[in-house]
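Undergrad: Before anything else, here's the structure in question.
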Amino acid sequence: MKILVAVDGSRFTKRMLAYLAAHDEWLGAHHDYTLLTVVSPMPGRATAVIAKEVLKAYYEEEGAKVFKPIRAFLARQGIEASYVSRVGQPAELIVRQATSGRYDLLMMGSHGHGNLSGLVMGSVTAKVLAHCKTPMLLVR
């Protein structure tokens, strides 16, 4: 099974990864995992005065910060994965990656804060759920 795992480094990501490890009978190392993190873009005014190389390095560093502990965790579990970092709006890019990559499953941790829909799932999760056709496993 081809699985996209959306991560942001939060405690909800940690819970989702713990769930993955605890359910290795069906989520084990025999699947094809891609981990996706989305870095929020800098405001337009800031990007206008920052050198493109500096901005690119910043985005890469932010993605690497999220992936570093996850790489170590998955290595301990014997799970190999691909790592993808994007810059933009999280919900939009998660849906785009899930669709274009033709994944069988999208895993996400659910936050549970924000507006009315966010009371149950979190605003990013609610947006992804509303627009994504890929089956989802939400871990709270």
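Undergrad: In this structure, is F67 touching a strand residue (DSSP E or B) at 6+ places or on another chain (Cβ under 9 Å) and not basic (K, R)?
TA: Working: touching a strand residue (DSSP E or B) at 6+ places or on another chain (Cβ under 9 Å): yes; not basic (K, R): yes.
The answer is yes for F67.
Undergrad: Here's a follow-up. Out of curiosity, is A29 at pLDDT below 95, exposed (fewer than 14 other Cβ atoms within 10 Å of the Cβ), small (G, A, S) and not in a strand (DSSP E or B)? Even if it seems obvious, please write down each step before you answer.
TA: Details: at pLDDT below 95: yes; exposed (fewer than 14 other Cβ atoms within 10 Å of the Cβ): yes; small (G, A, S): yes; not in a strand (DSSP E or B): yes.
Yes: the conditions hold for A29.
Undergrad: So for segment 26-35 (the condition being under 15 Å from the mean Cα position of the chain (by Cα) and over 16 Å from Q97 (Cβ atoms)), does at least one residue qualify?
TA: no
Undergrad: From the list E53, E62, which one is among the acidic types (D, E), surrounded by 14 or more Cβ atoms within 10 Å (Cβ to Cβ) and either touching a strand residue (DSSP E or B) at 6+ places or on another chain (Cβ under 6 Å) or in a helix (DSSP H, G or I) (or both)? Spell out the reasoning first.
TA: Values: E53 fails: surrounded by 14 or more Cβ atoms within 10 Å (Cβ to Cβ).
Answer to the selection: E62.
Undergrad: Continuing with this model, one more query. Can you tell me which of (1) surrounded by fewer than 17 Cβ atoms within 10 Å (Cβ to Cβ); (2) touching a residue at least 12 places away in the same chain (Cβ under 8 Å) is the one A46 doesn't meet?
TA: (2)
Undergrad: Continuing with this model, one more query. Condition first: surrounded by 15 or more Cβ atoms within 10 Å (Cβ to Cβ), out of contact with any Cys (no Cβ under 8 Å at 6 or more places or on another chain) and part of a strand (DSSP E or B). Now tell me which residues in segment 69-112 satisfy that.
TA: Passing the criteria: A81, Y83, V84, S85, R86, V87, L105, M107, M108, G109.
The values are calculated or read from the model by the stated rules, or taken from the named source; none is laboratory data. Since the model is a prediction, treat every value here as computed from it, not as a measurement. Neighbour counts are summed over all protein chains in view; Cβ atoms, including those assigned to glycine, are modelled from backbone coordinates with ideal geometry.
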